[in-house]
Amino acid sequence: MTTELVLPTGFRFVTRRNEHILRPGDPMRAPYGLEIIESCLSCPHKEERLFCNLSAPALQALTAITSPAAYPKGATLFVESQTPRGVFILCSGRVKLSTSSADGRTLILRIAEAGEVLGMPASVTGKPYELTADVLEPTQANFIRRQDFLNFLRDHGDAALRVAQQLGEIYHSAVSEMRTIGLSHSVAEKLARFLLDLSAHHKDGKNEMKVTLTLTHEEIAQTIGASRETVTRQFADFKKKQFLQVTGSTVTIKNRAGLENLLAS
């Protein structure tokens, strides 16, 4: 059985080569299997997400300047050094934020999750985007033009406060990343810290927990500042020591204490 969804006026979905705009009444399946959030006013997550939890007038104003869009895995929202066009509200999906050196080496700073607003530092300061944002899985990321966003912050103090809070979180995340890469003494410690951070939202009082690993070994290496070959060898060593078990994209952390001991060594 197929399910048809009438998408909101002007809703955009992007393929690898083209952008498509759906007009009112155009029936089709939801792009990429996404559960489309049509408006900030009707968002089911607005009470739990930092930027979405705003006053009714602010939400109405936000909806008026937002352009909903869906993107496939592998799409790019913006590129490092590009003049800032605006911000993207990440309604669903995950986005990889990375930077590259002149010789082509890539460092993944972090993985953005649903609820975040991407491109804020550049849009607020007017300086070029400092990172590249690549979509890791089918994603709804709603766009707001830079000037509209700045006017919105000027008119709504509660929204400006939320932005200040998220900019603070971005700063703390960057410091944590520098600490992981710069102060860790070995790849084993870096990988252990990466896995423990990944499982931080799965704490349930048990020593064993399962997490989904959507990054490749190459991408993990780019995240912790190591080579792919070293990361692969370290995973094998962790499995040999029974710290974890890997089945497809599922990582079962069987000995959390063992990983934590690597951080203290």
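Sort out which residues of region 110-147 are in a loop (DSSP other than H, G, I, E, B), of a type outside the set (D, E, K, R) and at pLDDT 90 or above, and write them in order of number. Gly119, Gly126, Pro128, Tyr129, Leu131, Leu136, Pro138 - these are the residues of region 110-147 that are in a loop (DSSP other than H, G, I, E, B), of a type outside the set (D, E, K, R) and at pLDDT 90 or above. For region 226-265, a residue qualifies if it is of a type in the set (Gly, Ala, Ser), more than 17 Å from Thr212 (Cβ to Cβ) and without any contact (Cβ under 8 Å) to a residue 24 or more places away in the chain, and the qualifying residues are Ser227, Ala236, Gly258, Ala264. Considering Leu107, Leu153, Leu167, the condition of being without any contact (Cβ under 8 Å) to a residue 60 or more places away in the chain, within 19 Å of the chain's Cα centre (by Cα) and either part of a helix (DSSP H, G or I) or in the same structural domain as Leu41 (by TED's automatic domain parsing) (or both) is satisfied by Leu167 alone. Restricting attention to region 83-104 and to residues that are among the aliphatic types (A, V, I, L, M) and either touching a residue at least 40 places away in the same chain (Cβ under 8 Å) or surrounded by fewer than 15 Cβ atoms within 10 Å (Cβ to Cβ) (or both), the residue that is nearest to Ile144 (Cα to Cα) turns out to be Val87.
What pairs come out if I take residues in region 124-143 that are over 14 Å from Ala70 (Cβ atoms) and pair them with residues that are among the acidic types (Asp, Glu) whose C-beta lies under 7 Å away, six or more apart or interchain? Hits for this filter: Tyr129/Glu80; Glu130/Glu80; Leu131/Glu80; Thr132/Glu80. Modelled with pLDDT of 70 or more and surrounded by fewer than 19 Cβ atoms within 10 Å (Cβ to Cβ), is that true of Glu80? Taking the combined requirement at face value, the residue satisfies it.
Scanning region 82-104 for residues that are in a loop (DSSP other than H, G, I, E, B), among the polar types (S, T, N, Q) and within 21 Å of Glu219 (Cβ to Cβ) yields one hit, Ser101. In region 121-142, how many are over 15 Å from the mean Cα position of the chain (by Cα) and hydrophobic (A, V, I, L, M, F, W, C)? Here the count works out to 2.
Taking Leu215, is it surrounded by 15 or more Cβ atoms within 10 Å (Cβ to Cβ) and either aliphatic (A, V, I, L, M) or modelled with pLDDT of 90 or more (or both)? So that I can check it myself, show each step before the final result.
On the way: surrounded by 15 or more Cβ atoms within 10 Å (Cβ to Cβ): yes; either aliphatic (A, V, I, L, M) or modelled with pLDDT of 90 or more (or both): yes.
The answer is yes for Leu215.
The values are calculated or read from the model by the stated rules, or taken from the named source; none is laboratory data. As the structure is a computational prediction, the values presented were derived from the model and not from experiment. FYI the Cβ positions are ideal-geometry reconstructions off the backbone, even for glycines, and counts take in every protein chain you see.
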